[in-house]
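Read through the structure below, which is laid out as structure tokens, and then see the notes.
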Amino acid sequence: MFETTSALTAIDVNTGRFTGRRGLADTLLTTNLEAAAAIAAQVRLRNLSGLIVVDFIDLEASEHRDAVYQALVAALARDRARTTVLPVSALGLLEMTRQRLRPSLEESLTEACPACRGRGRVAAVRVAACDLLRQLAAEAREFPGCRLTVSASPEVLNLIRTEDRGFLGRLETDHRISLDFIEVPGAAGQRFDITRELQAGGKKV
């Protein structure tokens with residue numbers, strides 16, 4: 001589990017349902033070694049940076065803790081960003097820092113929530129707009145000739161009506177649909193709603 005705050009990123013490792021066949025110590029070591037490889041990959045994919053604290057499952061044997069530490073160091077060797085990794089403590093905690101090369105995945109795909117004054121994250125306007133366009137295209141293909149009414153935040157609607165105007169025009173022409181837009185100021189989490197009206201002989205059905 002990954003949890004990012006303004007101060008650090010916390011990563012929690014647990015065994016899940018895996019119990020192993022050779023005893024608890026082997027199970028914990030195997031789980032932590034697998035987690036070390038997965039953490040290195042996720043750190044790169046998510047573009048995490050700054051202080052990162054990993055809560056590995058407690059290992060009593062110092063050689064097991066060292067094996068997990070070495071596994072993580074080896075897995076991070078291919079990372080272009082500079083990393084500093086400290087050994088696993090007796091409590092199972094490992095601290096590391098990673099150079100910031102570009103915004104994290106969360107920062108790229110979300111923005112501060114205006115409703116809670118930045119304590120939460122919501123989908124970025126472009127991400128919400130892409131989701132909306134995909135759903136509009138699906139509705140148009142499945143229900144040609146219908147009228148679609150889109151309710152969304154002014155930011156999302158302004159974006160698609162300017163930058164994606166050509167795409168909307170092709171949807172209307174190719175699938176003979178009509179599009180209406182309703183601005184909903186302060187729409188939570190850049191959420192949107194699409195209502196459909198099927199028409200036959202000019203009448204709603």
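For the pair N14 and S151, label points projected 7 Å from Cα toward Cβ lie 3.7 nm apart.
For the listed peptides 168-177, 68-77, a ranking on the average number of other beta carbons within 10 Å per residue, highest first, reads 68-77, 168-177. In the range 2-102, Rg over Rh equals 0.97, where Rg is the alpha-carbon radius of gyration and Rh the Kirkwood radius from pairwise Cα distances. Taking GluC sites (Glu not before Pro) across the range 26-71, the ones in a DSSP loop with at most 16 further Cβ atoms lying within 10 angstrom of their Cβ are E60.
The shape of the range 124-204 comes out prolate: with a ≥ b ≥ c from the C-alpha gyration tensor, a/c is at least 1.5 and a/b beats b/c. Each label was represented as a point 7 Å from its Cα along the Cα-to-Cβ direction; for V73 and T195 these points are 6.3 nm apart. With both labels modelled 7 Å from their Cα along Cα-to-Cβ, the R100 to E3 distance reads 2.2 nm.
Computed from the coordinates by the stated procedures, all read-outs in this text should not be read as laboratory data. For clarity, every value in this text was computed on a predicted model and none was experimentally measured. Positions of Cβ are backbone-derived with ideal geometry, glycine not excepted, and every protein chain shown enters the neighbour counts.
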